[in-house]
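Report on the structure given below.
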Amino acid sequence: NARTLTSASGTITTVPSPDLKPEHSLTYEAGVRYKARGFRLNTTVYQSNYTDLIQLAVIDATTRQRRNVAKAEITGVEVDGEWRFAKPWLLKMMATATRGTNKSSGTPLDSIQPLAGRLALAYGVEDAPWSVEGVLRGAAARTRVDTSSERPRPGYGTMDFYLKVDLGKVTRQSALKNWRAVAGVQNAFDKEIVNSVASEDLRYAQGFIGNPLLEPGRAFMVKLVQDY
């Protein structure tokens, strides 16, 4: 489908790619897990080597096209874990670090976030039907970019807060055993945040209205979640 599709987003038009070939990759991955009483940690490292990687290439200021990169490499590490350091308290973390390189040109791959993660502190008495959680999420500055298609991007950090209610425990209904209601506020301090890989138009100054697009400010949310 990518060979024939064309689309427009804002001022950017993506034209068809009649000569596009399928990409191929070979990935090496290794991981370590550690678990002790009240503590868990997972670490995974990987390297992916691509041939004919499909990338969105810049033709001119308003035109893009999907093209094959002869060779590319993406390496990264992922870490996640949790620590129940006291009965009602649980600390959770997740972080990823990624590096992508176009091996044909020696330039960085587009839209690669070098470091991002989240740190959450949850409070919930065992077997209680509710818990509260504060989440710090953020990303480091992205300075390793191909300047012909991207600009460096500042990092960010923001706080979210949630109240979670186990509907099965509250209602004592077996049909709701794996259902939770979640209410919260995201970006609680209403910070201006730009997604680390959001696209922008290089013809206009960084910070110009909508270039790149800002993430939503303070937002209130309510949702139902099913665990399975």
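Things worth noting here:
- Of all beta bridges that DSSP places with both ends in the chain, some 95 percent have antiparallel geometry.
- Computed from point charges on the beta carbon alone (+1 for Lys and Arg, -1 for Asp and Glu), the dipole magnitude for the range 175-228 about its Cα centre is near 320 Debye.
- Debye, to nearest 20: dipole size of the range 49-195, +1 on Lys, Arg Cβ, -1 on Asp, Glu Cβ: 140
- Within the range 118-180: Cβ-based charge dipole about Cα centre, in debye rounded to nearest 20 (Lys, Arg +1; Asp, Glu -1): 160
- Of the labelled figures (i) 8, 33, 37, 20, 2, 0; (ii) 8, 28, 32, 23, 8, 1; (iii) 7, 22, 28, 24, 15, 4, 0, only one reflects P(r) over Cα pairs in 10 Å bins from 0, in percent as derived from the coordinates, namely (iii).
- The residues of the range 175-228 expose, per residue, 71 Å² of accessible area to a 1.4 Å probe.
- Of the solvent-accessible surface of the range 89-174, computed with a 1.4 Å probe over protein heavy atoms with every protein chain present, carbon and sulfur atoms account for 59 percent.
- Note on the range 9-64: with neighbouring protein chains present and a 1.4 Å probe, carbon and sulfur make up 54 percent of its accessible heavy-atom surface.
- For the chain, with +1 on Lys and Arg beta carbons and -1 on Asp and Glu, the positive-most of 152, 189, 107 along the dipole: 189
- Å² per residue, accessible surface of the range 68-155 at 1.4 Å: 53
- Where only DSSP H runs of four or more residues are counted, the chain gives -500 deg cm²/dmol as its mean residue ellipticity at 222 nm, each run worth -39500 (n - 2.57).
- Backbone geometry of the range 188-204 corresponds, through the Karplus equation with coefficients 6.51, -1.76 and 1.60 at θ = phi - 60°, to 3J(HN,Hα) couplings of 4, 9, 6, 7, 7, 10, 10, 3, 5, 10, 5, 6, 8, 9, 5, 6, 10 Hz, x marking Gly and Pro.
- Counting only protein chain heavy atoms and rolling a 1.4 Å probe, the accessible areas of 172, 142, 218 rank, largest first, as 172, 218, 142.
- Heavy atoms of residue 103 accessible to a 1.4 Å probe, total area in Å² rounded to 10: 120
The values are calculated or read from the model by the stated rules, or taken from the named source; none is laboratory data. Here the structure is a predicted model, which means the values were calculated and not measured. For neighbour counting, all protein chains shown are included, and Cβ atoms are generated from backbone atoms with ideal geometry for every residue, glycine included. When the accessible area is computed, the model is the full protein with side chains, heavy atoms only, and any ligands, DNA or RNA have been set aside. Shrake-Rupley method; radii C 1.70, N 1.55, O 1.52, S 1.80 Å.
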